[in-house]
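Below is one structure; the comments refer to it alone.
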Amino acid sequence: MATFKLDITREHCPMTFVKTKIQLSKLNAGDVLEVLLTEGEPLENVPKSSREQGFNVLEVSHVEGVVHKILIQK
Amino acid sequence: MEVPELTSENQAKAQKKLSLISFSGDFDKLVATFTLATGAAAVGYEVNIFFTFWGLDAIKKKQGRAFVGKGFLGKLFGFFMGGLRSAPVSRLNFLGLSPKIFRYLMRKKNVATLEELVEAAKALEINLYACEMAMHILGLEKSDFIHEVKGVLGVATFLELSEGGRTIFI
């Protein structure tokens, strides 16, 4: 089990979801992806769509300013 | 055999499918097509894109202007239509200057360019299909397209593939 990092704070729709999904598809079952994202659509929808696709969202936490961190387990 | 319960949630999951008809071949409309397609695929939709007429330019192997196609008129048309890199914008094209300005602005503002969106579509394994009839008119063959194009279809097969999902014409 390994942890990978992805920063999508500078990305815009649809690349916020797209980069997360592509990165998740490369992981093995049990691996964790730490995603840095901003408030608004990414924060509202990346955890939601990850859950809907059967991934386990372990944590959603505030980092600083508009930046949040989520941990997604495959 | 265990039969899944037909709850509204299961039904919604079963129907998560988006089919796009890419007709125009314009730069801005291709951006819309590939933005919807990649976004939907990334949130778990099954996505089909059916390229027809000018839309076929987006999936040609040769992305610039090239004499692709069969016969004199086919080759001539192929040259003027060009590929992904020579797609014009639908308004204020200014003889091909605007797509260059758009590409510059998209890179500068960190928005995915058309080429990045197409690469993402391939990575997300979106189903790409070409229209048999339009290919026949323009003298194009499947070998003229990128290898990710899954097949050459007619209306009947497209309707079958898109059934149960949403369909958008761009």
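Quick notes on this one:
- Filtering B:ILE146, B:ILE126 for residues that are away from chain A (no Cβ under 14 Å) and closer than 23 Å to B:ASP28 by Cβ leaves a single hit, B:ILE146.
- Taking the numbered list (1) of a type in the set (Val, Ile, Thr); (2) surrounded by fewer than 22 Cβ atoms within 10 Å (Cβ to Cβ); (3) under 13 Å from the mean Cα position of the chain (by Cα) in turn, B:VAL89 passes all entries but (3).
- Criterion: within 14 Å of another protein chain (Cβ to nearest Cβ), surrounded by fewer than 20 Cβ atoms within 10 Å (Cβ to Cβ) and either of a type in the set (Lys, Arg) or free of Cβ contacts under 8 Å to residues at least 60 places away in the same chain (or both) - qualifying residue of B:THR157, B:THR113: B:THR113
- Screening the candidates A:THR16, A:THR9, A:THR20 for the property of being touching a Pro at 6+ places or on another chain (Cβ under 7 Å) and either surrounded by 15 or more Cβ atoms within 10 Å (Cβ to Cβ) or not in a helix (DSSP H, G or I) (or both) yields one hit, A:THR16.
- Residue within region B:64-85 that is surrounded by fewer than 19 Cβ atoms within 10 Å (Cβ to Cβ) and within 12 Å of chain A (Cβ to nearest Cβ) present: no
- Some residue of region B:101-119 being under 29 Å from A:GLU11 (Cα atoms), modelled with pLDDT of 95 or more and part of a strand (DSSP E or B): no
- Tally of residues being more than 8 Å from every other protein chain (Cβ to nearest Cβ), among the polar types (S, T, N, Q) and under 11 Å from the mean Cα position of the chain (by Cα) across region A:1-60: 6
The values are calculated or read from the model by the stated rules, or taken from the named source; none is laboratory data. Since we're looking at a predicted model, the values are computed, not measured. All Cβ positions, even for glycine, are placed from backbone atoms using ideal geometry, and neighbour counts span all protein chains on display.
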